[in-house]
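The values are calculated or read from the model by the stated rules, or taken from the named source; none is laboratory data. If you're wondering where the values come from, they're calculated on a predicted model, not measured in any experiment. Note: ideal-geometry Cβ built from the backbone for every residue, glycine included; neighbour counts use all protein chains shown.
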Amino acid sequence: MKQRYNILLRLFRPVLHMGIIILVFYVMYRIRLFTDLIPGVQLKMPVINYQENMAFGIIAAFAFVVIGIVKDLYELHKPIQRYFQTFSKTWLYRLITITFIWYFGQGFVFFFGISRFIIVVGSFVSFVALFLFDQTRNYLEARRHREGNNKILIVWSDALESYKAIEKIKNGFSFKTEFANHDEIKDIDIAEYFIVVAVGSFEKEVLQNIFERVRFSDNTRFYHISEWFFLEDVVYSPENIDNIIALEYKHSKLDGRSIILKKLFDLGGAFLLTIITLPFMVVIAIAIKIESRGPVFYISKRVGRNGKLFTFLKFRSMYTHMSVGYGGKEADELYQKLIQSDANVRQWILPKIADDPRVTRVGRFLRKTSMDELPQLFCILRWTMSLVGPRPHLPSEVKNYELRQKRLLSIKPGITWYAQVFGRDNLDFEEEAKLDLYYIQNRSLFLDAYIVLATFWVVFKGK
């Protein structure tokens with residue numbers, strides 16, 4: 001629910017910003033039509049084209065929102081001081097942009113010309129209107145935070161620097177503030193807080209524990225203020241909180257706008273691939289039904305983002321009576337016998353059976369070409385999976401994860417993954433986890449596109 005509210009809030013502000021700017025330009029256009037704005041002075045009636053001036057207003061509004069997105073103006077829970085700095089920079093860059101468009105567009109795009117009165121006065125009025133709107137919104141949001149359940153948790157050490165920084169942190173955010181020391185943090189539910197700030201020097205295990213617990217919350221952000229030790233194996237970005245430099249620990253480099261673009265990439269790619277592969281899926285379904293009895297799809301529960309279970313779908317590649325979850329006790333006993341035999345070529349979390357007798361002839365072809373994974377495109381369209389992400393694992397496998405490996409659950413699992421491209425099925429789980437953790441810390445749209453293309457090449461070569 002919180003995540004849905006935050007998404008709506010991030011969409012609500014830029015839409016209102018655009019509406020305010022366009023409305024101001026329209027009002028300025030109507031005012032400019034009066035010839036006696038100054039008492040005793042009769043102004044010359046200019047030729048003002050309504051369509052061109054309103055089109056310029058829409059461009060100005062769009063420019064402000066786009067620059068605001070790039071400059072993270074619409075980021076949630078931003079420190080108050082940093083918000084004012086970002087707003088001012090966004091407005092300045094927007095002013096430069098529309099001045100450039102106005103100067104070079106005269107007589108080329110805007111044949112009748114744009115009124116300088118509308119540009120100058122409209123820019124000033126819209127600046128004031130947006131500033132007052134955001135100030136009012138920030139005040140109401142801060143009041144809601146103080147009166148509601150939105151809280152900030154400050155975790156402090158015994159160091160003197162903790163006491164010096166705490167007051168500035170309280171002034172930097174508008175949330176209710178609660179405190180805990182490094183011993184009390186073990187008994188606190190991190191997910192209850194919007195922001196967690198660790199102030200001072202801590203043991204690596206303490207910071208690692210907080211970081212691993214933060215990932216289970218969709219909204220909690222984790223900052224660390226210290227002159228000494230920081231976590232080294234995570235993504236971080238510097239933040240200015242009331243003139244104090246803090247590091248915000250993140251699970252990946254993707255920020256808000258990149259996450260939205262990745263969702264569009266996933267949904268668009270899945271929709272396109274579904275249309276392209278649908279005829280092949282129909283043929284595969286018929287082949288599976290002809291060769292052996294049982295359902296076309298193998299359906300099971302897998303562990304997704306933040307440890308939540310989701311319905312996993314793939315083409316059935318085994319005989320039904322031998323499949324775990326379908327064949328009853330006999331199938332379970334056969335599986336245990338196989339993974340304990342010499343045929344098991346990959347031990348521990350992800351056993352792999354060489355020449356698995358449970359696999360059908362159609363199933364061998366599907367596994368070799370990875371076509372058994374095509375139904376997972378429907379999981380992407382349901383937003384439970386991604387095109388690229390860690391391998392989706394069974395709950396029984398996830399129970400054996402080490403603490404650091406549980407970071408694999410910080411993003412949605414994928415149809416293809418980094419380790420699959422660079423190692424396929426030849427890697428032990430520990431090596432596979434290292435590669436997927438590297439992907440999480442460095443993921444980007446470019447890397448996703450590269451992995452998707454590389455997957456086609458790897459499958460084509462039959463690796």
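Data table
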| read-out | value |
| --- | --- |
| Scope the stretch 313-332; condition modelled with pLDDT of 85 or more, in contact with a Phe, Trp or Tyr (Cβ under 6 Å, 6 or more places away or on another chain) and more than 19 Å from residue 374 (Cα to Cα); matching residues | 320 |
| Residue that is surrounded by the fewest Cβ atoms within 10 Å (Cβ to Cβ), among those in the stretch 295-324 that are out of contact with any strand residue (DSSP E or B) (no Cβ under 6 Å at 6 or more places or on another chain) and closer than 17 Å to residue 357 by Cα | 321 |
| Extreme residue, modelled with the lowest pLDDT, among residues of the stretch 181-202 that are buried (at least 16 other Cβ atoms within 10 Å of the Cβ), over 24 Å from the mean Cα position of the chain (by Cα) and at negative phi | 182 |
| Failed criterion for residue 266 (all others in (1) in a helix (DSSP H, G or I); (2) surrounded by fewer than 17 Cβ atoms within 10 Å (Cβ to Cβ); (3) not polar (S, T, N, Q) hold) | (2) |
| Filtered residues of the stretch 439-448 (kept if modelled with pLDDT of 85 or more, assigned to a helix (DSSP H, G or I) and farther than 13 Å from residue 391 by Cβ) | 445, 446, 447, 448 |
| The stretch 446-458 residues that are within 13 Å of residue 261 (Cα to Cα) and touching a residue at least 12 places away in the same chain (Cβ under 8 Å), paired with ones that are in a helix (DSSP H, G or I) and basic (Lys, Arg) (beta carbon under 8 Å, 6 or more apart) | 448/262 |
| Residue count, the stretch 354-407 (criterion: in a loop (DSSP other than H, G, I, E, B), at pLDDT below 90 and of a type in the set (A, V, I, L, M)) | 3 |
| Test: residue in the stretch 300-314 that is in a loop (DSSP other than H, G, I, E, B) and of a type outside the set (Asp, Glu) | yes |
| Selected residue [modelled with pLDDT under 80 and more than 30 Å from residue 245 (Cα to Cα)] from 48, 119 | 48 |
| Any hit, the stretch 403-416, residues being under 27 Å from residue 281 (Cβ atoms), of a type outside the set (S, T, N, Q) and surrounded by fewer than 18 Cβ atoms within 10 Å (Cβ to Cβ) | no |
| The stretch 97-108 residues that are farther than 22 Å from residue 65 by Cα, paired with ones that are among the polar types (S, T, N, Q) and at pLDDT 75 or above (beta carbon under 6 Å, 6 or more apart) | none |
| Residues that are at pLDDT below 80, loosely packed, with under 15 Cβ neighbours inside 10 Å and in a helix (DSSP H, G or I), drawn from the stretch 88-115 | 103, 104 |
| Any hit, the stretch 312-330, residues being under 26 Å from residue 458 (Cα atoms), in contact with a Leu (Cβ under 7 Å, 6 or more places away or on another chain) and either not charged (D, E, K, R) or not assigned by TED's automatic domain parsing to the domain that holds residue 260 (or both) | yes |
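The rows are residues; the columns are (1) closer than 27 Å to residue 405 by Cβ; (2) among the polar types (S, T, N, Q); (3) in contact (Cβ under 8 Å) with a residue 60 or more places away in the chain; (4) assigned to a strand (DSSP E or B).
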position	(1), (2), (3), (4)
262	yes, no, yes, no
276	no, no, no, no
280	no, no, yes, no
286	no, no, no, no
294	no, no, no, no
326	no, no, no, no
